[in-house]
Amino acid sequence: MDLLPIFMNVRHRPCLIVGGGEVAARKAALLLEAGAKVRLVSPALARGVRELVDGGQVEWLERRFEPTDLQDVSLVIAATADEAINRQISELAQARNLPVNVVDNPALCSFTVPSIVDRSPIQIAVSTGGSSPVLARLLRARLEAAIPSSYGHLGALAERFREAVKGALPDVGSRRRFWERVLTGPIAELVFSGKQEQAEGELAVELERAERQPEGEVYLVGGGPGDPDLLTFRALRLMQQADVLVYDRLVSEEVLALARRDAERIYVGKERDNHAVPQDQINQLLVDLAKQGKRVCRLKGGDPFVFGRGGEEIETLTANGVHFQVVPGITAALGSAAYAGIPLTHRDYSQAAVFVTGHLKDGSMDLNWSSLAHPNQTVVFYMGLKGLPVICEQLVEHGLAGSTPIALVQQATTPRQRVFTGTLATMPELIAGKRIRPPTLIIVGDVVRLHDKLAWFTSPEERRLGEVGSGAAVDGEPHTEAASAPVRVAGGG
Ligand code: SAH
C-alpha cells in the first residue's frame with residue numbers, strides 16, 4: 001500500500017487554492033461540499049470560479065501566490081498552469097508539513113484527491129495512486145451503477161439509531177448480527193423504495209424484539225448447479241455471514257469454498273435411495289440451530305424451490321416462528337441449457353418447457369405421460385438417470401417419435417460437465433454400460449438439435465474429438481459425446 005486512505009474533516013477550516021482556472025473551480029466546489037472555507041489566490045479568474053467568488057462562497061485574493069499565503073491554512077491545492085510555481089508551493093507546503101496537492105503531478109503531492117462515490121454519509125473513494133485517473137473514473141462509474149443512490153439514506157438511518165442500538169444490545173456480536181439483518185433485509189428494502197418512516201418504525205420494532213430475545217435466522221440459499229460464478233450476490237453475502245452452513249451433496253466444492261471459512265459445516269447429503277439425514281430431521285435441525293441464536297445458511301444445489309424440498313423446510317420454520325429468507329438459485333435446467341447450448345424454448349422447435357421429476361417409485365414413474373409426450377415442447381427430467389429407459393419407453397409409447405432427440409447433461413456447469421446426445425430410441429442402449437456420473441439432467445425435445453451448433457462450453461479441440469470419435473476424451477474435461485459417433489467408453493467413466 002503506497003498511500004494511506006483517510007477522510008479529512010475540513011469543515012469551517014481555511015483551505016487554499018492557488019490558480020483560477022476550471023480545475024481550480026472544480027477543486028473549490030469539492031472543498032465547499034465538505035464545508036471548508038475556501039481561499040483562492042490568482043491574478044485572474046475563469047467563469048466557474050468567478051461565479052463562486054461572486055456568490056460569496058470563495059474568498060479571492062487577486063494577485064500572484066506569496067509564501068505567506070500558506071500561513072493559517074489546513075491544506076493547499078496548487079492548480080496553476082505554471083510548473084515552477086506549483087513546485088515552489090509543493091516544497092514550501094511540505095516544509096511546513098502542510099498537506100499539499102498539485103493537480104496532475106503526483107510526484108509533488110503529499111495527498112491525492114480520489115474519485116468519489118458520494119452516498120453521504122457513506123463515501124467511497126477510489127485511488128489509483130495517481131497512476132491512472134481514467135481508470136479511477138471508470139471504476140467509480142461501475143460503483144455508481146452498482147450502489148443504489150439510496151444507500152446514503154441507509155447510512156443516515158444507521159447513524160440515527162446507532163446509540164439506541166448500542167444501548168439495547170451491549171454484546172458486539174448481537175449488535176453486528178442486528179445491523180446485518182437490518183442492512184440486508186426487508187428494512188433496507190423499505191429504505192431503498194423511499195419508505196423512510198416505515199423503515200424507522202420497523203427498525204424500532206426489530207430492536208425491541210432483539211433486546212427481548214436473541215434470535216437466529218435461516219437463509220435458504222440456492223447454490224446453483226455448480227459453477228460458483230452463477231451464485232447471486234445475495235447468496236454469496238449470506239454464505240459469508242452465516243455462523244453455520246447446512247449443505248447437501250449437490251452443492252459443488254467450488255461453491256462451498258466461497259462460504260465463510262470459520263462457519264460450522266454440517267453435511268446432510270442425500271444419496272439416491274439412501275437418505276443420509278431424513279428430511280424431518282433436517283427441518284428440525286434448522287429450527288434448533290436458529291433457536292440457539294445462530295444464522296444458518298441452508299445451502300442447496302440449484303434453486304431451493306425446484307425439486308429442492310425448500311417448501312417443507314420453511315413450513316417447519318414458520319411453524320416454529322423462525323425468521324428466514326429465501327434466495328433463488330440457477331436451477332439445473334437453466335444451467336444445463338446455457339452451458340450445453342440447448343435453449344429450452346425456441347420459436348422453431350419448442351413453445352413450452354416442462355420440468356418434471358424422473359424419480360422412480362417402486363420401479364415406475366407416476367407421471368402424466370400423455371401431457372409430456374408432445375412435440376413442440378421441451379421436457380426436462382430431474383433425478384431421471386436411473387429411470388432413463390422408462391422415460392424413453394413411455395414417451396414413445398405415448399406418441400413421441402423414436403427419433404426425438406434427447407440429451408444427458410452430466411455435472412452441468414462444472415469443469416466435469418459432459419453432454420451425451422442421442423434419440424429416444426437409441427439413448428438407453430448408447431449409455432448402457434457407461435458410468436454416467438450424477439448429477440445428471442435429461443432434456444428431451446427438438447431443441448437438443450441445437451446443441452451441436454450452440455455449445456460453447458466445449459472447446460473446438462474436444463468438439464473435433466467428439467465428432468469423429470477419434471480417441472477417448474480427457475477425464476475431467478468438458479466433453480460432448482454425440483450419438484452419431486462410434487460408441488466408445490467415455491473417458492470419465
Ligand atoms: N434444486 C435442484 C434440483 C434438485 S433435484 C435444482 O434446482 O437444480 C436433483 C437433480 O437435479 C439431479 O438428480 C439432477 O437431475 C439435477 N441436477 C442438479 N444439479 C445438476 C447439475 N449440475 N448437472 C446436471 N443435473 C443436475
Which value in nm describes the separation of the simple spin-label points at Thr232 and Asn9, placed 7 Å from the Cα toward the beta carbon?
4.1 nm
Stretch Glu91-Glu253 to full length: gain in nm at 0.36 nm per residue minus the Cα-Cα span?
52.7 nm
Consider a paramagnetic label point 7 Å from the Cα of Ala276 along Cα→Cβ; state which residues of segment 228-261 have an amide N under 16 Å from it.
245-257
Within the under-14-Å Cβ sphere about Arg260, not counting Arg260, Lys/Arg +1 and Asp/Glu -1 give a net charge of +3
Highest to lowest packing among 333-342, 30-39, scored as the average C-beta count within 10 Å
333-342, 30-39
Within the set of other residues whose C-beta is less than 15 Å from the C-beta of Ser115, count the net charge using Lys and Arg as +1 and Asp and Glu as -1.
+2
Have a look at the DSSP beta bridges in the chain and tell me what percent are antiparallel, nearest 5.
35 percent
Could you check the simple spin-label distance between Trp369 and Arg142, using points 7 Å along Cα→Cβ, in nm with one decimal?
5.3 nm
Over segment 217-330, calculate the relative contact order: mean separation of alpha carbon pairs under 8 Å at least 6 apart, over the residue count, as a percent.
44 percent
As a check on your grasp of the helix formula, calculate [θ] at 222 nm for the chain: sum -39500 (n - 2.57) over DSSP H runs of n ≥ 4, divide by the residue count, round to the nearest 500.
-10500 deg cm²/dmol
Fully extended contour minus Cα-Cα distance, from Glu59 to Ala164, at 0.36 nm per residue
33.6 nm
Testing the spin-label approximation: label points 7 Å from Cα along Cα→Cβ at Arg47 and Glu33. State their distance in nm.
2.1 nm
Roughly how big is the chain's charge dipole about its Cα centre, with Cβ charges of +1 (Lys, Arg) and -1 (Asp, Glu), in debye to the nearest 20?
500 debye
Got the relative contact order for the chain handy, in percent, Cα pairs under 8 Å and 6 or more residues apart?
9 percent
Each residue of segment 201-206 in order: what ³J(HN,Hα) in whole Hz does its phi give by Karplus 6.51 cos²θ - 1.76 cosθ + 1.60, θ = phi - 60°, with x for Gly and Pro?
x, 4, 5, 4, 5, 4
Amide H of Gln325: which non-local residues (sequence gap of 5 or more, or other chain) have their own amide H closer than 5 Å, using H built in the peptide plane?
Val218, Tyr219, Leu220
Taking alpha-carbon centroids only, segment 354-427 lies from segment 1-80 a number of Å equal to 72 Å
Segments 128-141, 225-238 sorted - mean Cβ within 10 Å per residue, highest first:
225-238, 128-141
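All of the numbers you see were taken from the coordinates with simple rules; none came from a lab. The shown structure was predicted, so the numbers you read here are calculated from the model rather than taken from an experiment. Glycine gets a Cβ as well: all are built from the backbone with ideal geometry, and neighbour counts include every protein chain shown.
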